[in-house]
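This report concerns only the one structure given below.
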Amino acid sequence: MSDTTPDAVDGGTPAESPKVRWFTGLSLRAITMRSTYRRISKVLYVMRAPLVTALLGVIAFAVPGQTREIYWLFAEDFNLASINADANLRLMAFLGLLFVTGYVLWYHARALTLADADSFEALHRESGAEAWIAKWAPRIVGAAPSFAAAIGMSAAASVEPLFGPGNGELLERLSRTVALLYGAAFMAMMIGVFLLWSSWRRSKRDPNVYDDVRRTAFRSDLRLISAAAVLGFMAFMMTMPIGFFQIVGALSIMCLFMICLSFGLTVLSYIYDRHAVPLITLLLIGV
């Protein structure tokens, strides 16, 4: 009768049971997923300033009923451009500032990922969730407000009329307004698509887009552009013509607010990450 037992093989070495192997594999996968989650969270945390600004823009442009009413009024005013001469300027100003806002949000998110050592390292990896987030999150952050505006305009165009079918003139104006809203939604969507494509194309066209030299340049540009933006905004507010806000409209003002908010939060978060100075907390305490 043999003395060999099921738990001893190869000269007495304990054999690993299927349950042990299963739990070991599960533990390793859990550790890997936790590590990946932490790295992804770190990348998103680094770009938290433009990310929060973009989320505010998405909510403001797509969710509130008041915003959809503003979209509708925009289109109706555009319909009556011969009566309201500011309607064309108001719509064009919003679409133009929507593009500028997206570019600013992308730039800030990319600058912050380049400034952080871990995120900078992730940009050079060929595969993996962390590498994808580091490369594509700034692009999505920049394009998100434009897509949100397109969704909001489409939702505004789907509102049912409040008058009966006998009002031929009103129904004709309604159809023109709906067509204008869908047209403006398409333009906003194209702005988002262009922002995604241009930032992706830039990284493909320039093989050194994530090198150390560009990293230093982004840091310097971030400080210079932020200082110029603050001074320029102060000068603009002091020399702003009377009635400017009424001309450009509430949505353009929201874009300007998002640009200024992104600049301010980006600089404050950058200072905190680099020098551990909690300026945002100090400002909140002071307020």
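The values are calculated or read from the model by the stated rules, or taken from the named source; none is laboratory data. As the structure is a prediction and not an experimental result, all values here were calculated from the model. So basically every Cβ, Gly included, is an ideal-geometry build from the backbone, and we count neighbours across all protein chains shown.
Restricting region 85-101 to residues that are modelled with pLDDT under 75 and surrounded by 14 or more Cβ atoms within 10 Å (Cβ to Cβ), which is nearest to Ala149 (Cα to Cα)?
As a first pass, look at region 85-101 and keep what is modelled with pLDDT under 75: 85-88.
Imposing the further condition that a residue be surrounded by 14 or more Cβ atoms within 10 Å (Cβ to Cβ) reduces the set to 86-87.
Working: Asp86: 21, Ala87: 18 Å.
It comes out as Ala87.
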Region 156-215, residues that are in a helix (DSSP H, G or I), more than 28 Å from Ala62 (Cα to Cα) and modelled with pLDDT under 75: Gly168, Glu169, Ser203, Lys204, Arg205, Asp212, Val213, Arg214, Arg215
From Ile225, Ile242, Ile280, residue being modelled with pLDDT under 65, more than 30 Å from Ala155 (Cβ to Cβ) and not in a helix (DSSP H, G or I): Ile242
